[in-house]
Amino acid sequence: MSGATGKSSRWVPSWEQWLSRPGEWRNWGRTESARPNYTARPSKIEDVCQVVQRAVERDGAVKALGAGHSFTGIARPRDVALSLEHMRGLVAVDASARRVTLRAGTFLHEIPALLEPHGLAMPNLGDIDRQTLAGAISTGTHGTGTAFGGIATQVVGATLVDGTGQVRVVSEDDPHLRGVAVGLGALGVLVEVTLQCVEAFVLEAVESPAPLDEVIDGYLDRVGAADHYEFYWFPGTSVALTKTNTRLPASASTSPLTDVRRFVDDRVVSNEALRAMCEIGRAAPSLTPKLISLATSLTGDRRFSDVSTGVFTTRRTVRFRESEWAVPLDRTMEAFAAVRSLVESRDWNITFPIEVRAAAADDLWLSTASGRESGYIAVHRYYRDEDTEYFREVEKVMLSFGGRPHWGKMHTRSADFFTSEYPRFGEFLELRDTFDPHRVFANDYLDRVLGV
Ligand SMILES: Cc1cc2nc3c(=O)[nH]c(=O)nc-3n(C[C@H](O)[C@H](O)[C@H](O)COP(=O)(O)OP(=O)(O)OC[C@H]3O[C@@H](n4cnc5c(N)ncnc54)[C@H](O)[C@@H]3O)c2cc1C
């Protein structure tokens, strides 16, 4: 890939109407940045093929960009950054099968309006909807609920441009779909994705504080009884903020949050107050425990119901960094207790909560829930705070419980680890050899986690 590292002034592409000299690329968490040599903004599949073919010819590299919401360097472009901003929207709907095909650059927050006229919804979502569809599935983005897999489990078909510039259609009966669905951006540029949707539904949300010890003791019962259950714990407190969402038919009457309440809860308390707390906590760490008790007393006590997307996702405007680990569901509380003891034994002044979620087992080769029902423990730090020691020590704990890192969140694992952790890892590497023989989609992160 030597030709890809420096800026190539000799290479004058004929397709420069949508290929421009870009500025700096940075991810949301401000952990990664790059100055790609070119940015491509294709609007047609044939243009994507051409970008890849031209990159191969000049021994270059292509990285499909999502919304930059991964904390790891997984989306960091080496040479050509390929934006799918002009490849968004609905391609086809199969109403009887409840399936939709979307252009891969569609943002998750654009999908509800596309599905609504057809009475459909995505079965589950994560905390936010700012990601692109392709980006979210490629890293195994998930929400919570032991009967529901991550977003990639909704994928029943995909069209991608492989590393030779050829279009590949991977359908439901092709076993390779299990590799493509969580493909880490290593197998090709996804251009269309078909999702299995469900009938639109309403979620009733109950958010309430509860004593942490009670939440730990009753965790498996609570997570098993609810459709979608999660809790947050602010280090230094003995209270957990719990969230329980119950699925109801679309015909159920709703009592949504008023615009004012949503503004106060989600914008003022969850974001602006959190930002203030993080900044004050940095300047005067001794105030952190008081600020956290104030924050927990202001948040997490409400009941409302709304269409599913209005409940699953919220806005996150306070920048943070995150490391998240999947462990076998029945060991989640042991692992959480170990993280809790670790945090309580250190003087880390953590102003962000620890989040605990769950997901169903699935059969996707590189899904963090592959082959096992999983609990997820996520640790966060304000982006201006030092995270290295906290994340490193938590990683050690999580490894002792069989933890698998989220592909888009910070960790230090490499290919040796994943070889022993994922039974189908070897098949994924073989598929990569077939789909990307020239390693046109490689970057430093993939070199580390997959090998070169
Ligand atoms: C505030 C915040 C909240 C989050 N909440 C959650 C959560 O609730 N649950 C969870 O699991 N994760 C969560 N994440 C992590 C996030 O969902 C993932 O990192 C996700 O991959 C980001 O999507 P993106 O569109 O930003 O993709 P990027 O981060 O830009 O890219 C991710 C990967 O997808 C690849 N990719 C993008 N487009 C294509 C394409 N067309 N073809 C092939 N590969 C492609 C990229 O090359 C890269 O390898 C959160 C992150 C943030 C910052």
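No lab work stands behind these numbers, since they all come straight from the coordinates. Values in this document were obtained by computation on a predicted structure and should not be read as measured data. With ideal geometry, Cβ positions are generated from the backbone for all residues, glycine too; neighbour counts draw on all protein chains shown.
Between the helical axis of 274-283 and the dominant principal axis of the chain, each derived from Cα atoms, what acute angle in degrees is found, rounded to the nearest 10?
Approximately 80 degrees, to the nearest 10.
Using R₀ = 56 Å, calculate the FRET efficiency as 1/(1 + (r/R₀)^6) where r is the Cβ-Cβ separation of Ala283 and Asp221; round to 0.05.
After rounding to 0.05, the efficiency reads 0.85.
What is the helix-to-structure angle for 332-345, meaning the angle in degrees between its Cα long axis and the longest Cα principal axis of the chain, kept from 0 to 90 and rounded to the nearest 10?
Roughly 70 degrees between the two axes.
Under a crude label model (7 Å from the Cα following the beta-carbon direction), how far is Asp330 from Asp94 in nanometres?
Going by the 7 Å Cα→Cβ label model, 3.7 nm.
Convert each backbone phi in the range 431-441 into a coupling constant with the Karplus relation 6.51 cos²θ - 1.76 cosθ + 1.60 (shift: θ = phi - 60°), then list the ³J(HN,Hα) values in order as whole Hz, x for Gly and Pro.
These are the phi-based 3J(HN,Hα) values: 5, 4, 4, 6, 7, 9, x, 8, 6, 5, 9 Hz.
Report the paramagnetic label zone for Ser293: residues of the range 225-253 whose backbone N is under 13 Å from a point 7 Å from Cα along the Cα-to-Cβ axis.
Under 13 Å, as judged by backbone N against the label point of Ser293, lie 236-239 of the range 225-253.
Net charge near Gly157: determine it from the other residues with C-beta under 13 Å of the C-beta of Gly157, scoring Lys and Arg +1 and Asp and Glu -1.
-2
Taking every eigenvalue of the Cα gyration tensor of the range 201-405, multiplying by 5 and rooting it, what semi-axes result, largest first, whole Å?
They are 26, 24, 15 Å, listed largest first.
Report, by chain and number, residues whose modeled amide H sits under 5 Å from the one on Leu190, excluding near sequence neighbours (fewer than 5 apart, same chain).
Here Val161 satisfy the definition.
Could you state the angle between the C-alpha long axis of helix 288-298 and the longest principal axis of the C-alpha atoms of the chain, as a value from 0 to 90 degrees rounded to the nearest 10?
It works out to around 90 degrees.
For Ile280, Ile350, Ile151, what's the fewest-to-most ordering of other Cβ within 10 Å of each Cβ?
Ile280, Ile350, Ile151
With Rg and the Kirkwood Rh both taken from Cα atoms, where does Rg over Rh land for the range 120-185?
Using only Cα positions, Rg/Rh for the range 120-185 is 0.99.
Do the sum for the chain: with -39,500 (n - 2.57) for every DSSP H run of n ≥ 4, divided by all residues, what is the mean residue ellipticity at 222 nm, to the nearest 500 deg cm²/dmol?
When only DSSP H runs of four or more count, the value is -7500 deg cm²/dmol.
Give me the net charge for the shell around Asp213: Cβ to Cβ below 14 angstrom, other residues only, Lys and Arg +1, Asp and Glu -1.
My count for the surroundings of Asp213 gives -1.
Under a crude label model (7 Å from the Cα following the beta-carbon direction), how far is Arg303 from Ser345 in nanometres?
Result for the modelled spin labels: 4.2 nm.
Sorted from fewest to most neighbouring beta carbons within 10 Å, what does the list Cys278, Cys49 look like?
With the fewest neighbours first, Cys278, Cys49 line up as Cys49, Cys278.
Using Cα-only point scatterers and the Debye equation, what is log10 of I(q)/I(0) for the range 90-199 at each q in 0.10 Å⁻¹, rounded to two decimals?
Calculated log10 I(q)/I(0) at the listed q: -0.25.
Out of all DSSP beta bridges with both ends in the chain, state the antiparallel percent to the nearest 5.
Bridges in the chain are about 90 percent antiparallel.
Send over the semi-axes of the range 134-267's equivalent ellipsoid, whole angstrom and largest first, taken as the square roots of 5 times the C-alpha gyration tensor eigenvalues.
Computed over the range 134-267, the values are 36, 19, 15 Å.
Count charges around Ile74 for me, please; just the other residues with Cβ under 11 Å from its Cβ, Lys/Arg as +1, Asp/Glu as -1.
Here the charged neighbours net out to +2.
So how far apart, in nm, are the two label points at Glu57 and His86 if each is 7 Å from Cα heading toward Cβ?
Calculated label separation equals 1.9 nm.
Restricting things to Cα coordinates, could you compute the convex hull volume per residue of the chain in Å³?
Normalising the Cα hull of the chain by residue number yields 139 Å³.
For Thr258, Thr246, which order do you get if you count the other beta carbons within 10 Å of each Cβ and list the fewest first?
With the fewest neighbours first, Thr258, Thr246 line up as Thr258, Thr246.
In whole Hz, with x marking every Gly and Pro, tabulate ³J(HN,Hα) for the range 191-206 from phi via Karplus 6.51 cos²θ - 1.76 cosθ + 1.60, θ = phi - 60°.
Calculated HN-Hα couplings, in order: 10, 9, 9, 9, 10, 7, 9, 10, 4, 3, 8, 9, 10, 9, 10, 10 Hz.
Under 15 Å from a point placed 7 Å out from the Cα of Glu427 along the Cα-to-Cβ direction: which residues of the range 147-179 have their backbone N that close?
Flagged as within label range: 171-179.
Short version: ³J(HN,Hα) in whole Hz for each residue of the range 347-355, in order, from phi by Karplus 6.51 cos²θ - 1.76 cosθ + 1.60 (θ = phi - 60°), x for Gly and Pro, what are they?
Couplings: 10, 9, 6, 8, 9, 10, x, 9, 10 Hz.
Using modelled amide H (1.01 Å from N, peptide plane; none on Pro or chain starts), what sits under 5 Å from the amide H of Ala358, excluding residues fewer than 5 places away?
Correct list: Gly145, Tyr376.
Among the lysines, which fall within straight-line cross-link reach of Lys290, defined as a Cα-Cα distance under 30 Å, with same-chain neighbours fewer than 8 residues apart omitted?
In chain and number order, the partners are Lys243, Lys396, Lys409.
Report D for the range 292-382 in µm² per second (integer): Stokes-Einstein, Kirkwood Rh on Cα pairs, 20 °C, 1.002 mPa s.
For these conditions, the coefficient is 138 µm²/s.
Quick one: length gained pulling Ser414 to Thr237 fully straight, 0.36 nm per residue minus the C-alpha distance?
Residue separation times 0.36 nm, minus the Cα-Cα distance, leaves 60.3 nm.
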